[in-house]
Amino acid sequence: MKQQPQRVSGRAVGAVMFLAALAVTVAWIVIRIFFTTQPAEDEPDANATSASASAVAPRTITAPFDHVVVLSIDGLRPDAVEDAIRRGCPGFTSLLKGPHTLEARTDPDSTVTLPNHVGMVTGRLFKGPQGHNWLPNDLPATIAEGGTLHAAHGSYVPSMWDVAHDHGLMTAMLASKDKFILFDNSFREEQGRPDGTGVDDGARKIDLVGFALRGEGVARKTMAFLDAAAAQGRRSLLFIHFADTDVTGHGRTWDMTPGSAYLACVDRMDALVDGLVRHIDANPALRGRTAIVMTADHGGGAPAGSHTVVDSPLNFRIPFVVWMGDGAAADLYDLSPMRARPAASERMTATGGLPIRNADAGNCALWLLGLPSIPTSTVGAEQDLLAGWSRRAS
Ligand SMILES: [Zn+2]
């Protein structure tokens with residue numbers, strides 16, 4: 001049995017949380033000071049005193065990006081990504097020419113689809129008073145019946161779309177499973193929180209909600225949205241979702257033998273990624289100004305035709321990739337000194353070390369856009385991923 005935090009008094013929890021927040025803040029300031037005083041890339045690094053610093057080449061991201069695509073490939077296992085690269089597939093080969101890890105983790109208490117996607121866009125884990133608490137993994141109830149994130153949690157749960165939209169960016173959610181209507185339910189005009197940041201951009205936080213059965217349709221809509229944003233001189237944040245690998249895994253198992261249906265589907269996803277990267281590179285208004293954060297909601301294979309066993313490495317190991325279009329590959333754990341690199345079979349429960357999780361996607365995307373983290377979020381709220389690189393202030 002897990003310890004129930006409810007047994008502790010509210011006052012004690014508050015004190016502990018305050019001290020924890022203070023410790024994290026101090027650690028963050030120390031890390032920021034340390035890394036912002038690192039010598040430039042072309043100077044000899046004679047004063048490196050920490051293991052992290054000696055492992056990482058300091059680099060400056062020249063400006064915040066104008067467009068960020070958070071891409072979730074449903075049921076994409078990291079060993080399938082490795083396999084695709086070994087076979088010369090161009091899409092994942094391009095993506096992994098950026099900071100990445102194939103040892104990221106799902107939510108510590110869930111390896112199913114919807115709770116993990118809620119984590120990606122809200123920067124919260126599933127469980128606990130600060131958790132998003134969204135458990136169902138099927139089509140949500142109607143708004144009137146409580147089918148919003150806010151009703152499940154008991155108070156408003158802000159998302160990465162809130163922050164981006166309130167700062168005037170164009171936002172989109174393009175998915176290939178109808179249960180993602182949960183996000184439309186939660187951030188419509190009547191459900192979204194009023195915009196308290198600068199110009200009033202409205203309470204509806206997702207400008208475009210779109211669905212397509214296959215990844216090809218989602219990719220086409222993504223490219224059209226990016227082109228439209230760029231043509232209007234607008235910045236944008238998109239969440240997009242390819243369900244195909246998960247659908248094939250459920251139907252034909254997460255079979256890693258050469259020529260399997262699952263690996264053939266991974267190749268199709270690779271081609272979509274390749275198409276997206278090429279499209280970005282071909283548009284001068286997007287090239288160099290667009291980043292992709294790619295991860296997965298879960299792996300798969302335990303049990304054979306599913307991914308419900310929460311303590312199986314087949315399910316909880318996932319990729320996490322930050323592509324910035326400049327070919328600068330790096331190990332994301334080396335660039336994220338506050339994070340603990342798990343062993344391949346290590347699940348990393350909520351009380352263990354802090355790994356990189358798919359729930360980091362939202363705050364990482366906002367950091368790439370030069371925007372603050374999601375209010376009341378807990379995963380990556382310090383925007384410490386990539387802290388080993390510095391970013392020029394916007
Ligand atoms: Zn899934």
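Per residue, the average separation of C-alpha pairs within less than 8 Å and at least 6 apart gives the range 97-217 a relative contact order of 21 percent. According to the square roots a ≥ b ≥ c of the eigenvalues of the Cα gyration tensor, what is the shape class of the range 137-244, taking rounded for a/c under 1.5, prolate for a/b larger than b/c otherwise, and oblate for the remainder? Oblate, because a/c is 1.5 or more while a/b does not exceed b/c.
On a full-extension model of 0.36 nm per residue, what is the gain between L135 and R87, subtracting their alpha-carbon distance, rounded to one decimal in nm?
Roughly 13.5 nm would be gained on extension.
Under the combined filter of DSSP loop state and at most 13 neighbouring Cβ atoms within 10 Å, the range 128-229 retains these GluC sites (Glu not before Pro): E145, E189, E190. For the residue pairs K97/K205; K97/K177; K177/K221; K177/K205, alpha carbon separations beyond 24 Å are given by K97/K205; K97/K177. Within 14 Å, Cβ to Cβ, of G147, how many net charges do the neighbouring residues add up to if Lys/Arg are +1 and Asp/Glu are -1? Once all neighbours under 14 Å are counted, the net charge is -3. In this Cβ point-charge picture (+1 for Lys and Arg, -1 for Asp and Glu), the range 61-391 has a dipole of about 280 debye about its Cα centre. Working ranking of peptides 125-132, 90-97 by packing, defined as the average number of other Cβ atoms within 10 Å per residue, highest first, is 90-97, 125-132. When you restrict to C-alpha pairs under 8 Å that are six or more residues apart and normalise by the size of the range 61-391, the relative contact order lands at 33 percent. The antiparallel fraction among DSSP beta bridges confined to the range 61-391 stands at about 25%.
Can you compute the FRET efficiency between V309 and E189 using 1/(1 + (r/R0)^6), with r the Cβ-Cβ distance and R0 = 41 Å? Round to the nearest 0.05. According to the calculation, E is roughly 0.55.
In this simple spin-label approximation, A328 and A271 carry label points 7 Å from Cα along the Cα→Cβ vector, and these lie 3.4 nm apart.
At 0.36 nm per residue, minus the direct Cα-Cα distance, what do T351 and N283 gain on full extension? Give it in nm, one decimal, please.
Taking T351 through N283 to full extension adds about 20.0 nm, to one decimal.
How many angstrom lie between the C-alpha centres of the range 283-310 and the range 323-393? Using only Cα atoms to place each centre, the spacing works out to 15 Å.
Among the protein heavy atoms, those of T308 account for about 80 Å² of accessible surface (1.4 Å probe, every chain in place).
The values are calculated or read from the model by the stated rules, or taken from the named source; none is laboratory data. What you see is a predicted model; the values in this text were computed from it and never measured. Cβ sites come from the backbone with ideal geometry, for glycine too, and all protein chains shown count toward neighbours. Protein only, heavy atoms only, side chains kept; ligands, DNA and RNA dropped before computing areas. Shrake-Rupley method; radii C 1.70, N 1.55, O 1.52, S 1.80 Å.
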